[in-house]
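Chemist: Before we start, here is the structure in question, set down as structure tokens.
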Amino acid sequence: MAKKSTLQIARAAYSPKLPLGLQGNVSIKEGEPTQSVADQEEVKKLFPNTYGLPLVEFVPGEQKAYAPMNVGVILSGGQAPGGHNVISGIFDGIKRLNPANKLYGFLLGPGGLVDHKYMEITAEIVDEYRNTGGFDMIGSGRTKLEQEEQFESGIQILRELGIKALVIIGGDDSNTNACVLAEYYAAKNYGVQVIGCPKTIDGDLKNDQIETSFGFDTACKTYSEVIGNIQRDANSAKKYWHFIKLMGRSASHIALECALEVQPNVCLVSEEIQEKGQSLDDIVTYIAEAVTERAKDGNNFGTVLIPEGLIEFIPAVKRLIAELNDVLSSEAYLKAQPEDNVAWLLDGNLSAENAATLASLPASFAAQLTGERDPHGNVQVSLIETEKLLSSMVAAKLAEWKVAGKFNGKFSALHHFFGYEGRCAAPSNFDADYCYSLGVSASQLIANGKTGYMAIVKNTTKPAAEWVAGGVPITMMLNMEKRNGQMKPVIRKALVDLNGAPFKAFAAQRDEWKKQTAYVYPGPIQYFGPSEVCDKTTETLRYEHQ
Ligand code: FBP
């Protein structure tokens, strides 16, 4: 058994808080039939068996007897704090329904279902992982579940293990795939239910029904702690500008939440940059102005928060990436197999406009942008050093301004990327409670025969007892979007809403933060102490639901 820290031992004994509706015997309350958020006719046609189902809510109820059943669970995609609590919630939930029920975990993501790699999750295993971060109990992976052969391979092992329902814990794509799988098994009358669960630190799986995805709370609090520490260091030594890139893939929710927590000098929001059609030079000028203004007060230090996906939102770079994605998968490129991608691309293999953009980028950055794609053909934004690109361009601009007499200070930059260190952090009380409630909710959806639903918990800015648990038909969240050249039903990714309360609160204060040293040092996640400290939600949720 792995050695445990004193905190881990204390946390293992923590009993997650549950909404009243899930605390004892549970009844189900069904609402009116639902519609998809858009493209109703197309979505209905594609999901004849799972379309139009009602929203459901769990409320205190009578004791009932349940026949024994086995359940399977999959962790899909990037790690997010609280995943183990979803599993312990499912485990406790199904054991309460009938102690003979069993839970199986498929290993290393959806691939475990297809390749028949699994393990039984026993009480002993669950107890080892309660309230811990990470996905290491069963592992995770990014195999896309979308082919009929995969579904058929899955049903073989589900039948062999007598599994009646499968819970897929994942982001927007994994839950879309869960919906497709639910429809497929329903259409074939295979008798296996499929339930989804909203996971991702990125915070981009949210809509009218999902208030937040799990993991966002802990990851943002972890990043805010270290950014706060850096800000205190910067304010002590007064000699460095810190360029901090934050995970989050396309959406800037994490950067925005951290900005609201720590009040940095600069926080870039990709969605705003796209909306305003800003160029790389506009962004660099904005940061250089902050450096110049602060230098006038003798403050040659500061912090800049940069969302991971920024470069994909700068219109000129976006156009370049779109062409690169095509060219780098073309036959001409595969045939040429050049040693130097940039040189080959600039040798007449890109349009004039995009070649000019590529040539204008620093060499190391151009090399990263033209490097290997992920399995879905996307640029691996977590590997691109935007923080270094920006600081070197700011340094160059300030050098020009110095010659012109416009800048009179000093500029010395340090770089950080906060991503992986937050994804497996020990879950905050919010995530521990929220995830456990999602797991119990999933077990109730299964007990009530539901398929094609995602487990949800609402009212999350209130104390946990007042949270409302239930389920939403995944088809309700679908719309049609172009993917790889074809129209597909997908859950819409939620980017930062520039008219939303969190962004407006940030925009109203950022000019002051840019010039002043208005830093907040939030400190670590607190588990013991007053509820207003230990059970605090993110600023994003607070603003969105105030
Ligand atoms: P999910 O969307 O699967 O939750 O993953 C989120 C994320 O952490 C992103 O923020 C990041 O860009 C990406 O995963 C990194 O992927 P990988 O784990 O494959 O390096």
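Chemist: I'd like the full set of residues that are out of contact with any Pro (no Cβ under 9 Å at 6 or more places or on another chain) and hydrophobic (A, V, I, L, M, F, W, C), limited to the range 98-116.
Modeler: L103, F106, L107, L108, L113, V114
Chemist: Within the range 77-180, which strands (runs of 3 or more DSSP E) (wholly inside it) include 1 or more residues that are small (G, A, S) and touching a Lys or Arg at 6+ places or on another chain (Cβ under 9 Å)?
Modeler: By residue number, 163-170.
Chemist: Filter the range 342-383 down to the residues that are of a type in the set (A, V, I, L, M, F, W, C) and within 16 Å of the ligand (Cβ to nearest atom), then identify the one that is modelled with the highest pLDDT.
Modeler: The residue in question is L369.
Chemist: What number of residues in the range 498-546 are part of a helix (DSSP H, G or I), crowded, with 16+ Cβ neighbours inside 10 Å and not charged (D, E, K, R)?
Modeler: Count: 8.
Chemist: Name every residue in the range 335-356 that is within 34 Å of the chain's Cα centre (by Cα), over 18 Å from V379 (Cβ atoms) and assigned to a helix (DSSP H, G or I), in order of residue number.
Modeler: Passing the criteria: E353, A356.
Chemist: Return the residues of the range 1-47 that are assigned to a loop (DSSP other than H, G, I, E, B), within 30 Å of T461 (Cβ to Cβ) and in contact (Cβ under 8 Å) with a residue 24 or more places away in the chain; say none if nothing qualifies.
Modeler: The first filter runs over the range 1-47 and keeps only residues assigned to a loop (DSSP other than H, G, I, E, B), leaving 1-5, 13-19, 24-25, 34-39, 47.
Cutting the leftovers down to within 30 Å of T461 (Cβ to Cβ) gives us 13-19, 24-25, 34-38.
If the condition is that a residue be assigned to a loop (DSSP other than H, G, I, E, B), within 30 Å of T461 (Cβ to Cβ) and in contact (Cβ under 8 Å) with a residue 24 or more places away in the chain, then Y14, P16, K17, L18, P19, G24, N25, T34, Q35, S36, V37, A38 are the ones that fit.
Chemist: I'd like the full set of residues that are surrounded by 11 or more Cβ atoms within 10 Å (Cβ to Cβ) and of a type outside the set (S, T, Y), limited to the range 1-16.
Modeler: Correct list: K4, L7, Q8, A10, R11, A12, P16.
Chemist: Taking only the range 59-84 into account, find how many residues are over 16 Å from L161 (Cα atoms) and within 16 Å of the ligand (Cβ to nearest atom).
Modeler: Selection size over the range 59-84: 10.
Chemist: Further question: With the condition kept exactly as written, say whether any residue in the range 403-414 is in contact with a helix residue (DSSP H, G or I) (Cβ under 9 Å, 6 or more places away or on another chain) and in a strand (DSSP E or B).
Modeler: Within the range 403-414, one or more residues are in contact with a helix residue (DSSP H, G or I) (Cβ under 9 Å, 6 or more places away or on another chain) and in a strand (DSSP E or B).
Chemist: Right, something else. Please go through (1) of a type in the set (V, I, T); (2) within 14 Å of the ligand (Cβ to nearest atom); (3) free of Cβ contacts under 8 Å to residues at least 40 places away in the same chain for I155 and return the number of the only condition it doesn't satisfy.
Modeler: Checking I155 against (1) of a type in the set (V, I, T); (2) within 14 Å of the ligand (Cβ to nearest atom); (3) free of Cβ contacts under 8 Å to residues at least 40 places away in the same chain, the one that fails is (2).
Chemist: V262 is checked against (1) in contact with a helix residue (DSSP H, G or I) (Cβ under 7 Å, 6 or more places away or on another chain); (2) surrounded by fewer than 18 Cβ atoms within 10 Å (Cβ to Cβ); (3) modelled with pLDDT of 95 or more and fails just one. What number does that condition carry?
Modeler: (2)
The values are calculated or read from the model by the stated rules, or taken from the named source; none is laboratory data. The structure presented is a predicted model; accordingly, all values stated were derived computationally and were not measured. Using ideal geometry, Cβ is built from the backbone for each residue, glycine included, and neighbour counts are taken over all protein chains shown.
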